[in-house]
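Notes follow the structure.
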Amino acid sequence: MTATSTPGPPATGAGTTSTPATGVTAPGAPDDERLRRWRLVLGGGEADGTGRALGGVDAAMDGALGALYEKGARGGLGGSAPSTARWLGDIRTYFPGSVVQVMQRDAIDRLGLATLLLEPEMLAAVEPDVHLVGTLLSLAKAMPETTRESARAVVRTVVEELEKRLATRTRATVTGALDRSARISRPRHRDIDWDRTVRANLKNYLPDHRTVVPERLIGHGRASRGVRKEVVLCIDQSGSMAASVVYASVFGAVLASMRSLATRLVVFDTSVVDLTEQLDDPVDVLFGTQLGGGTDINRALAYCQSRITRPADTVVVLVSDLYEGGIRDEMLKRVAAMKASGVQFVSLLALSDEGAPAYDREHAAALAALGAPAFACTPDLFPELMAAALEKRPLPIPEG
C-alpha cells in the first residue's frame with residue numbers, strides 16, 4: 001500500500017481538508033489523503049495517532065479489514081455462514097481480485113473459514129482461485145451432496161481459466177518438439193528438409209562451384225497419426241502440494257488431448273491411484289484426488305515403471321516435495337533404473353507460481369547425482385520444460 005512508504009502518520013491540525021462522506025478525497029488535499037490512508041493501515045483505535053474518522057466507503061472497507069485482521073474485531077466474522085458470505089461479498093466490492101484472494105486465504109487460515117465452505121451459500125460468495133480449489137479438494141470427503149455441485153462449479157471456473165491461459169501455448173510448444181524429434185537423418189528425397197539441411201552443411205560450401213555439399217541430410221520425417229512419445233505425470237497429493245495437483249491435472253488434460261502423446265496421470269500418498277481414464281475432464285481428475293496423508297514415492301514410481309513400454313520414448317515427471325515415507329534407497333534405485341533404460345526423468349518440487357516449497361534437500365541432492373535435478377517450475381515454464389524433455393535436450397532449470 002502507498003501509505004506504508006510514508007515515514008509516519010502526520011500530526012493533525014491546520015492544512016487538512018475534510019473528506020466527503022463517500023470517502024473520496026477532495027482535490028488539493030494531500031495531507032488529508034495521507035491521514036486517510038494511515039487510518040486504514042493502522043486500523044483505528046484511540047492510539048492510532050491520526051485522529052481521523054472514516055465515513056462512507058472508507059468505513060465499510062475498514063470494517064471488512066477489521067473483521068479479519070483486528071483482534072476482537074467489531075463483530076468479526078463469527079461462525080455464521082450468512083455473515084461470512086456478506087463479508088466475502090463486501091471484500092469483492094471494495095478490493096481488486098488479487099487482494100480478495102489474499103484475504104480469503106488469510107480468512108481460511110486465521111478464522112477457520114474452511115468448514116464454512118461446506119455450505120453452498122458460502123461457495124456462491126467466494127472469489128475462485130487455485131488456492132481455494134486446493135481447500136475444497138481437501139474438504140471433498142466431508143462435503144455434503146448439497147454442496148458438491150456448487151464446489152464443482154467453483155473448481156470448473158478455475159480449471160477453465162487455467163486452460164485458456166495454458167492450453168494453446170502448451171500444444172504449440174509440445175507439437176513443435178515432437179515434430180523436431182521426428183526428423184530423420186536418412187530421408188527419402190521427397191522428405192528432405194532443405195532449409196535445415198543447407199544450414200547444417202554450410203561448412204561444406206565450395207566457393208568455386210558456388211554450392212554446398214550436403215554430407216548430412218535432414219528429413220522432415222513422415223507425419224504419423226500414431227503415438228510418438230509417452231508422458232507419465234506422477235503427482236504427490238500430500239496437503240502441501242495442493243496447487244501443484246491443480247496445475248498438473250490441467251496440463252495432464254491438455255497433453256492427453258494430443259494424439260501423438262500417450263499421457264498417464266498417477267496421484268499418490270501412501271497408496272497409488274491411476275486417474276488416466278478421467279483425463280478428458282480435469283475436474284473429475286481433481287475430485288479423484290485425496291489431498292493430505294502420507295507419502296510413498298517409491299511405491300508410486302514402482303507403479304509408473306511397470307506401465308512403461310517404450311523407455312526411450314517416455315518422459316516421467318515426478319511432482320513432489322520429496323519427503324519420502326517409503327523406502328528411500330529403493331526410490332533412488334528405481335529412478336536410476338528408469339534413466340538407464342532411456343527414460344527422461346524430470347523431478348519438480350512444485351508446479352505452481354509460488355516458487356520452491358519446503359522440500360527434502362538430501363533426496364533432492366541424491367536425485368541430482370543421478371542426473372535428475374529437482375527444482376520448482378512455474379506453469380508458464382512447463383511447456384518449454386516438456387519440449388526439452390521430449391527432445392532430450394538440457395532442461396530449462398530456473399536459477400535459484
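The values are calculated or read from the model by the stated rules, or taken from the named source; none is laboratory data. Here the structure is a predicted model, which means the values were calculated and not measured. Positions of Cβ are backbone-derived with ideal geometry, glycine not excepted, and every protein chain shown enters the neighbour counts.
For the stretch 266-283, the tally of residues that are within 17 Å of GLU163 (Cα to Cα) and under 18 Å from the mean Cα position of the chain (by Cα) stands at 4. When the criteria are applied in full, SER260 fails the requirement of being surrounded by fewer than 16 Cβ atoms within 10 Å (Cβ to Cβ) and either touching a Lys or Arg at 6+ places or on another chain (Cβ under 7 Å) or not β-branched (Val, Ile, Thr) (or both).
Restricting attention to the stretch 322-352 and to residues that are of a type outside the set (Asp, Glu) and loosely packed, with under 15 Cβ neighbours inside 10 Å, the residue that is nearest to ALA366 (Cα to Cα) turns out to be LYS333. Residues considered: VAL266, VAL283, VAL317. Of these, the only one that is in a strand (DSSP E or B), of a type outside the set (Lys, Arg) and surrounded by fewer than 23 Cβ atoms within 10 Å (Cβ to Cβ) is VAL266. Restricting to the stretch 198-239, name every residue that is among the polar types (S, T, N, Q), at pLDDT 80 or above and exposed (fewer than 14 other Cβ atoms within 10 Å of the Cβ). Of everything in the stretch 198-239, those that are among the polar types (S, T, N, Q), at pLDDT 80 or above and exposed (fewer than 14 other Cβ atoms within 10 Å of the Cβ) turn out to be ASN204, THR211.
Assess whether ALA336 counts as being touching a residue at least 60 places away in the same chain (Cβ under 8 Å) and either closer than 16 Å to ILE235 by Cα or not in a loop (DSSP other than H, G, I, E, B) (or both). Taking the combined requirement at face value, the residue does not satisfy it. Is at least one residue of the stretch 28-46 under 22 Å from SER150 (Cβ atoms) and modelled with pLDDT under 80? No, the conditions are met nowhere in the stretch 28-46.
Considering only residues that are free of Cβ contacts under 8 Å to residues at least 24 places away in the same chain and not in a loop (DSSP other than H, G, I, E, B), look in the stretch 366-400 and name the one that is nearest to VAL231 (Cα to Cα). It comes out as ALA368. Say whether the condition of being part of a helix (DSSP H, G or I) and either modelled with pLDDT of 80 or more or buried (at least 17 other Cβ atoms within 10 Å of the Cβ) (or both) is met by at least one residue in the stretch 72-81. Yes, the stretch 72-81 has at least one match.
Evaluating SER320 against the criteria (1) in contact with a Ser or Thr (Cβ under 9 Å, 6 or more places away or on another chain); (2) more than 26 Å from PRO383 (Cα to Cα) leaves one unmet condition, (2).
When GLY326 is tested against (1) modelled with pLDDT under 90; (2) small (Gly, Ala, Ser); (3) within 18 Å of the chain's Cα centre (by Cα), exactly one condition is not met: (3).
Among the residues of the stretch 144-169, those identified as buried (at least 19 other Cβ atoms within 10 Å of the Cβ) and either aliphatic (A, V, I, L, M) or modelled with pLDDT under 85 (or both) are ALA151, VAL154, VAL155, VAL158, VAL159, LEU162.
Taking each residue of the stretch 305-316 that is assigned by TED's automatic domain parsing to the domain that holds LEU255 and looking for partners that are at pLDDT below 95 and of a type in the set (Lys, Arg) with beta-carbon atoms closer than 8 Å, six or more apart or interchain, yields ASP313/ARG228; ASP313/LYS229; THR314/LYS229; VAL315/LYS229.
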